[in-house]
Amino acid sequence: MPTDGGSDRIFALQEEVQQLKEAVASHAVVDQAIGMVVALGRIFPDQGWAVLKEVSQHTNIKLRNVAELILVWGRMGVMPEEIRAALEDALDRAGPTQIPGSPPEA
């Protein structure tokens with residue numbers, strides 16, 4: 001093993017590569033969730049991004065986790081009520097719509 005700090009540099013680079021891989025995966029999840037929000041709310045992608053951020057802030061749940069929950073909902077039809085309510089509110093502010101499967105408004 002080199003004693004000139006080479007192994008430290010290799011370790012640091014391996015950590016950086018791992019962080020970049022995680023960032024790419026996280027970005028893909030967020031992009032897919034934005035796509036679902038865009039289709040659902042018939043809004044523009046920048047509005048979809050704003051909706052995700054708003055839901056994350058109002059529920060105090062990390063944006064990536066909100067995105068994952070939205071993707072799970074797309075596959076399984078199940079969404080925590082807190083996320084559903086925050087998503088409906090955010091979409092109402094972005095443009096009126098109703099999430100399929102939610103009770104009709106009176």
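Before moving on, here are some points about what is shown:
- Of the criteria (1) farther than 13 Å from A94 by Cα; (2) open to solvent by 50 Å² or more (accessible area, probe 1.4 Å); (3) among the polar types (S, T, N, Q), which one S56 fails: (2)
- The stretch 1-28, subset outside any helix (DSSP H, G or I) and not polar (S, T, N, Q), residue least open to solvent (accessible area, probe 1.4 Å): G5
- Residues (open to solvent by 50 Å² or more (accessible area, probe 1.4 Å) and either of a type in the set (S, T, N, Q) or touching a residue at least 24 places away in the same chain (Cβ under 8 Å) (or both)) located in the stretch 78-91: D89
- Output for the stretch 48-75, where each listed residue is more than 19 Å from A28 (Cβ to Cβ) and in a helix (DSSP H, G or I): A50, E54, Q57, H58, T59
Conditions (1) closer than 24 Å to E22 by Cβ; (2) modelled with pLDDT of 95 or more, marked per residue:
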site	(1), (2)
L40	no, no
P45	yes, no
V66	yes, yes
R84	no, no
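- In the condition set (1) free of Cβ contacts under 8 Å to residues at least 12 places away in the same chain; (2) surrounded by 12 or more Cβ atoms within 10 Å (Cβ to Cβ); (3) out of contact with any helix residue (DSSP H, G or I) (no Cβ under 6 Å at 6 or more places or on another chain), R75 is compliant with all but (2).
- Subset tally (residues that are in contact (Cβ under 8 Å) with a residue 40 or more places away in the chain, open to solvent by less than 20 Å² (accessible area, probe 1.4 Å) and β-branched (V, I, T)) for the stretch 29-42: 1
The values are calculated or read from the model by the stated rules, or taken from the named source; none is laboratory data. All values derive from a computational prediction rather than experimental measurement. Virtual Cβ from ideal backbone geometry, glycine too; neighbours counted across all protein chains shown. Note: areas computed on protein heavy atoms with side chains; ligands, DNA, RNA excluded. Shrake-Rupley method; radii C 1.70, N 1.55, O 1.52, S 1.80 Å.
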